[in-house]
Each structure stands twice: as C-alpha cells, then as structure tokens.
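The values are calculated or read from the model by the stated rules, or taken from the named source; none is laboratory data. Everything numeric here is computed off the predicted structure, so don't read it as measured data. Heads up, the Cβs are rebuilt from the backbone with ideal geometry, glycines too, and the neighbour counts pull from every protein chain shown. Ligands, DNA and RNA are excluded from the accessible area calculation, which covers all protein heavy atoms including side chains. Shrake-Rupley method; radii C 1.70, N 1.55, O 1.52, S 1.80 Å.
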Amino acid sequence: MNDSEPDQQVAAARHWTEWEMATSYLLPNEDSLKRGEDDKFALAFARIESHYFVNKGFLPSDSFLLDSVPKFKHIPAVIVQGRYDVVCPIVSAWELHKAWPEAEFKVVPDAGHSANERGIGEQLVAAMESFKLKLSR
C-alpha cells in the first residue's frame, strides 16, 4: 500500500480488505464482501488497519493491556467474544478475562469477529442495557 503506483496500492488494499471481510464473519456476508470491492473504502480500511498493526496498536508493549488490568479492574465490563473469531482468537479474550475476572465473559457460540454478527450485536446491546440500568439506579 506504500507503492508509488496507485494501481499497486489499490490492489494491495483490496487484497487486505477482502481477507478481512472474508474472515470477520462466521458465515460469508455478501454486504461486507461488496463493501471491500470499493477502491476508496479498501484503501482507507487497509491503511488504517495496517497503520495500527505496524505501530502495535500504539501500546508500549505486547503485554500492556494485561499488565494494566489492576488500574481498571474496578470498572464494570463485559468481554464479548465470538467462538469462531479467527481475527482475534478466543485465547486473547480468555487471557484478558483470567487477568480481569471481575469482567463478565460472554462467548457467542455462533459468531466470528464482527460486531455486525447477530449474536455479537445482541450481547453488546445487552451489556449496554445492563450498564444503563445500573447507572439509572
């Protein structure tokens, strides 16, 4: 995506985006796959995502989040993880939950990575509704 030739940039971005769109859902999602066919979307998506990867999420170390749990473990949280997520494998969420047992851990049995998958979306909305109820008391 850093090639001097715009055609090469687009080709690389489309490959990156097609892979991401194909792996983010448990079952193929045609709408998501079609979005990845748009050159402007693919360039923006791939550039943003690769920028974070190259910069390691802008975190000072690979273990920064887990090492920092004591600083935020008092904050109510729900970890929502798709059982078949191949983008962020379940072991990452499990390691976070082991370090942060105060957080609820929800595994969606029929989902991959995307928050747009039905089960993931339902669990995220349920978590927000739960927080809303707690805050309104």
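Brief remarks follow.
- Scanning the range 66-78 for residues that are in a loop (DSSP other than H, G, I, E, B), touching a residue at least 24 places away in the same chain (Cβ under 8 Å) and out of contact with any Lys or Arg (no Cβ under 9 Å at 6 or more places or on another chain) yields Lys73, His74, Ala77.
- Taking each residue of the range 46-57 that is under 16 Å from Ala12 (Cα atoms) and looking for partners that are among the β-branched types (Val, Ile, Thr) and modelled with pLDDT of 95 or more with beta-carbon atoms closer than 6 Å, six or more apart or interchain, yields Ala46/Thr17.
- Filter pass, Val86 being within 17 Å of Tyr25 (Cα to Cα), open to solvent by less than 100 Å² (accessible area, probe 1.4 Å), without any contact (Cβ under 8 Å) to a residue 60 or more places away in the chain and within 16 Å of the chain's Cα centre (by Cα): no
- Residues that are farther than 26 Å from Glu20 by Cα and open to solvent by 80 Å² or more (accessible area, probe 1.4 Å) within the range 105-137 comprise Met128, Glu129, Lys132, Leu133, Lys134, Leu135, Ser136, Arg137, listed in sequence order.
- Residue match in the range 108-131 (condition: closer than 30 Å to Asp3 by Cβ, in a helix (DSSP H, G or I), under 14 Å from the mean Cα position of the chain (by Cα) and polar (S, T, N, Q)): no
- Within the range 7-65, being surrounded by 12 or more Cβ atoms within 10 Å (Cβ to Cβ), more than 18 Å from the chain's Cα centre (by Cα) and outside any helix (DSSP H, G or I) holds for Glu37, Asp38.
- Residue in the range 89-101 that is open to solvent by less than 40 Å² (accessible area, probe 1.4 Å), within 25 Å of Ser24 (Cα to Cα) and under 12 Å from the mean Cα position of the chain (by Cα) present: yes
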